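**Student:** Would you mind keeping the following structure in view while I ask a few things?
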Amino acid sequence: MSTYGDRGNLLILAHRARARGIPVEPIEVRSTEPLPRHADIYLLGGGEDGPQSLAAQRLNTDGALHRAVESGSVIFAVCAGYQLLGASFYAKDQQHAGLGLLDLRSDRGPSRAVGELAGPVDPRLSLPTLTGFENHGGRTHLGPEVYPLAEVTTGVGNDGSTEGAFRGTVLGTYSHGPALARNPALADLLLRWATGNNQLAPLDDSWSERLRGERLAALTPQ
Ligand code: GLN
């Protein structure tokens with residue numbers, strides 16, 4: 001699924017890894033192809049209802065993502081990709097089985113959530129305020145086995161109060177933008193999880209910090 005520009009997350013991760021001398025081998029998987037068994041990071045983007053239910057079916061049949069999570073791979077999923085990591089989600093007004101990799105389920109909301117999304121991230125992750133752009137009809141309800149990624153101060157996210165979820169090295173968000181271009185510290189968190197290197201050299205993020213500053217200032221009531 002790549003409707004919403006989430007392929008940009010791959011470009012950002014690859015750039016930030018290579019800038020630290022970490023070799024990168026990006027593998028783009030079409031839905032008819034088997035998933036690589038031993039990737040360090042799996043990225044799932046957003047998409048429309050049709051591709052979302054197809055992706056869930058195929059990923060469940062393939063089974064590689066489940067085994068990868070068990071062996072400690074990192075999963076970063078956005079919107080439709082995030083919803084399908086849960087127990088169930090709605091697409092085309094029907095409930096579909098998700099992958100059951102995060103303790104959450106999604107149903108339909110009263111209206112489509114479209115616009116800026118922002119809020120402070122769970123302090124356990126030590127990240128700056130999350131910002132992004134959301135565009136989804138679903139609402140997501142978290143179970144006790146996951147932590148919300150962030151609180152919502154602007155936008156809707158999961159349900160108007162929390163946004164995204166994580167457990168172990170599996171993390172999902174409603175944030176497009178793409179998320180990792182707008183939140184480079186989140187990209188580095190995924191790289192730290194994948195490499196075990198907690199001493200990644202800092203990069204010049206002044207452009208993305210300017211964009212963040214601009215977006216956050218636009219959201220702050222005058
Ligand atoms: N089809 C899902 C929804 O509308 C996901 C949309 C998306 O990935 N942006 O809730």
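**Student:** Quick one: 3J(HN,Hα) in Hz for segment 11-25, Karplus 6.51/-1.76/1.60 with θ = phi - 60°, rounded, Gly and Pro as x.
**Tutor:** 4, 5, 4, 5, 4, 6, 6, 4, 4, 9, x, 8, x, 10, 10
**Student:** Let me test this: with uniform point scatterers at the alpha carbons of the chain, what is the Debye-based log₁₀ I(q)/I(0) at q = 0.08 1/Å?
**Tutor:** Calculated log10 I(q)/I(0) at the listed q: -0.25.
**Student:** Taking Cα centroids, how far is segment 76-101 from segment 183-215 in Å?
**Tutor:** Here the two parts' Cα centres lie 27 Å apart.
**Student:** In addition: Give a residue-ordered list of calculated ³J(HN,Hα) values for segment 144-152 (Karplus: 6.51 cos²θ - 1.76 cosθ + 1.60, θ = phi - 60°; whole Hz; x for Gly, Pro).
**Tutor:** Working through the residues one at a time gives x, 8, 10, 9, x, 5, 8, 8, 9 Hz.
**Student:** Can you list residues from other chains, or at least 5 along the same chain, whose modelled amide H is less than 5 Å from the amide H of V152?
**Tutor:** T162, E163
**Student:** Here's something else I'd like to know. If you take every DSSP beta bridge whose two residues both sit in the chain, what share of them, in percent to the nearest 5, is antiparallel?
**Tutor:** 75
**Student:** Hey, what do the phi angles of segment 202-209 turn into as Karplus ³J(HN,Hα) couplings, whole Hz, using 6.51/-1.76/1.60 and θ = phi - 60°, x for Gly and Pro?
**Tutor:** Those phi angles translate into x, 10, 7, 10, 5, 5, 5, 5 Hz.
**Student:** Moving on. Amide H of G45: which non-local residues (sequence gap of 5 or more, or other chain) have their own amide H closer than 5 Å, using H built in the peptide plane?
**Tutor:** Here the answer is V78, since their amide H atoms fall under 5 Å of that of G45.
**Student:** Can you give me the long-range amide H partners of L130? Hydrogens built in the peptide plane at 1.01 Å from N, cutoff under 5 Å, separation of 5 or more residues or another chain.
**Tutor:** G119, V121
Read-outs: derived from the displayed coordinates by stated rules, not from any lab. Nothing here was measured: the structure is a model prediction, and the numbers come from that model.
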